[in-house]
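See structure below.
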Amino acid sequence: MNKIQELIEKLCPDGVEYRKIKDTFQRLKGTPITAGKMKDIADDNGEIKIFAGGKTVINAKESDIPNANITRVPAVLVQSRGVIDVVYYEKPFTFKNEMWAYTNDNKITVKYLYYVLKNNIQHFRDAASGMGSLPQISLTVTEDFKIPVPPLEVQSEIVRILDNFTELTAELTAELTARKKQYEHYRSKLFDFDEPTAETKPLGDEFSFIRNGFVGTATPYYTDKAQGVRYLKGTNIHNGVISDNEEEYITQEFHQKHIKNQLKPDDILVVQSGHVGECAVVGDKYAGANCHALIIMSNDGNCNSKYVVYYLQTEEGKKKLSRITTGGTIKHILASGMKKLMIPFPPLEEQQRIVDILDRFDKLCNDISEGLPAEIEARQKQYEYYRDKLLTFKEKAI
């Protein structure tokens, strides 16, 4: 930041000029291509990347792209429909002609434009609201957008700083991906038992109480936290954790009517429909709560509930769960199927050892308050803070 301040004081102490994008950059057009054609020509070995609406991106061979209009210089692509965003790309690419891109003779200036647009992305997303079911911006929204244009030396230093932030975040993200793969590998290994080590038997042998939660179509009466009873649904369970992303409550009267579904510590909840098979252990925080459309498995103390949850998250566990799901577009699972699910059960001491190991991996990979995800989140916030600070200039009086 000190170097930037010195450059600004030296090169543009009175502010910088603001110019419309269309007056500073060359606009590039894409290729007319249908979604069907993109599907036909998609080739992982293709040398050309093709961007479409939303998050759709493919690789294709140039010879397979009809009426190809290939961009071969560094450019900023404006994703103008569906997902409103900008992409900086240096290698040969093209895009559906409902979008557009910008370039300039100087690569630094192009990358600088990318950071400016990214810093103002909410402006473009706001401009796309109210344009029908699919958000969309018109060409004039970017063409007439004014950006600060400091001297090239200042642009270069801004790009250098923000590139460093981006690279650091990418390195941390790659490290997190590697750790997750390592975690999944060791998790599978930990559950790879010899027959004498672990007896494989139905869940129902270890959990005498496995039942479906309340699944009536009538919507219960929700009340406030002070008077009601916490009510959990499938959307509260993800990656082995119960969350408060949807905090809802039911009346005491409704709770008493369905008291058999009252949860206890060490119960296991399994999502019955939608993202079936997601599961988590009920801790003290949710003891006494009630639930909707969740299978409840009450532990008799013969096994470690967390061990069962970890097993059901393995590829083998997911395959076994998929075999007992029923339904068409929306899959669902029943308590009767869970009772028959075959799981290897080693001695309790071994179950606890496995849980302790996986808890440490899980904390490193998934805990938002510490570990790599927290580091990535902190770096992202730092990057956004400095991006905004670096790209805020006093406008030069004309």
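The values are calculated or read from the model by the stated rules, or taken from the named source; none is laboratory data. All of these numbers come straight from a predicted model, not from anything done at the bench. Cβ atoms come from the backbone with ideal geometry, glycine included; neighbour counts cover every protein chain shown. Remember, those area values only see protein heavy atoms, side chains included, never the ligands or the DNA or RNA. Shrake-Rupley method; radii C 1.70, N 1.55, O 1.52, S 1.80 Å.
Looking across segment 241-275 at every residue that is under 20 Å from H332 (Cβ atoms) and of a type in the set (G, A, S), the one that is nearest to the chain's Cα centre (by Cα) is identified as G274. Under 26 Å from the mean Cα position of the chain (by Cα), β-branched (V, I, T) and either buried (at least 20 other Cβ atoms within 10 Å of the Cβ) or modelled with pLDDT under 95 (or both): is that true of I33 in this structure? No, not satisfied.
The residues listed here are V16, V78; of these, the one that is in contact with a helix residue (DSSP H, G or I) (Cβ under 9 Å, 6 or more places away or on another chain) and at pLDDT 95 or above is V78.
Here's a check for you: in segment 89-136, which residue that is acidic (D, E) and closer than 15 Å to P74 by Cβ is modelled with the lowest pLDDT?
Of the residues in segment 89-136, the ones acidic (D, E) are 90, 98, 105, 126.
Of the ones still in play, those that are also closer than 15 Å to P74 by Cβ are 90, 105.
Working: E90: 95, D105: 92.
It comes out as D105.
The single condition among (1) surrounded by fewer than 17 Cβ atoms within 10 Å (Cβ to Cβ); (2) of a type in the set (G, A, S); (3) modelled with pLDDT of 90 or more that A280 does not satisfy is (1). Taking segment 333-366 as the range and being in a strand (DSSP E or B), open to solvent by less than 70 Å² (accessible area, probe 1.4 Å) and either out of contact with any strand residue (DSSP E or B) (no Cβ under 6 Å at 6 or more places or on another chain) or over 18 Å from R187 (Cβ atoms) (or both) as the test, only I343 passes. Tallying residues that are of a type outside the set (A, V, I, L, M, F, W, C), in a strand (DSSP E or B) and open to solvent by 30 Å² or more (accessible area, probe 1.4 Å) within segment 231-259 yields 2. Within segment 37-71, the residues that satisfy the criterion of being outside any loop (DSSP other than H, G, I, E, B) and either open to solvent by 40 Å² or more (accessible area, probe 1.4 Å) or at positive phi (or both) are K37, K39, D40, K49, V57, N59, E62, S63, D64.
In segment 13-24, which residues are open to solvent by 20 Å² or more (accessible area, probe 1.4 Å) and not in a helix (DSSP H, G or I)? Step through it out loud before you land on a result.
Just the residues of segment 13-24 that are open to solvent by 20 Å² or more (accessible area, probe 1.4 Å), to begin with: 13-14, 17-20, 22-24.
Answer for segment 13-24, where residues must be open to solvent by 20 Å² or more (accessible area, probe 1.4 Å) and not in a helix (DSSP H, G or I): P13, D14, E17, Y18, R19, K20, T24.
From the list V83, V76, V110, the lone residue that is of a type outside the set (G, A, S), outside any helix (DSSP H, G or I) and buried (at least 20 other Cβ atoms within 10 Å of the Cβ) is V76. Within segment 153-174, residues that are within 19 Å of T392 (Cβ to Cβ) reach partners that are polar (S, T, N, Q) with beta carbons closer than 8 Å, at six or more positions or on different chains, in the pairs Q155/T109; F165/Q382. Scan segment 295-324 residue by residue and report those that are more than 24 Å from the chain's Cα centre (by Cα) and not in a helix (DSSP H, G or I). The answer is I295, I296, M297, S298, N299, D300, G301, N302, C303, N304, I324. Yes or no: segment 269-286 includes at least one residue that is among the acidic types (D, E), free of Cβ contacts under 8 Å to residues at least 60 places away in the same chain and closer than 21 Å to G216 by Cβ. No, that holds for no residue.
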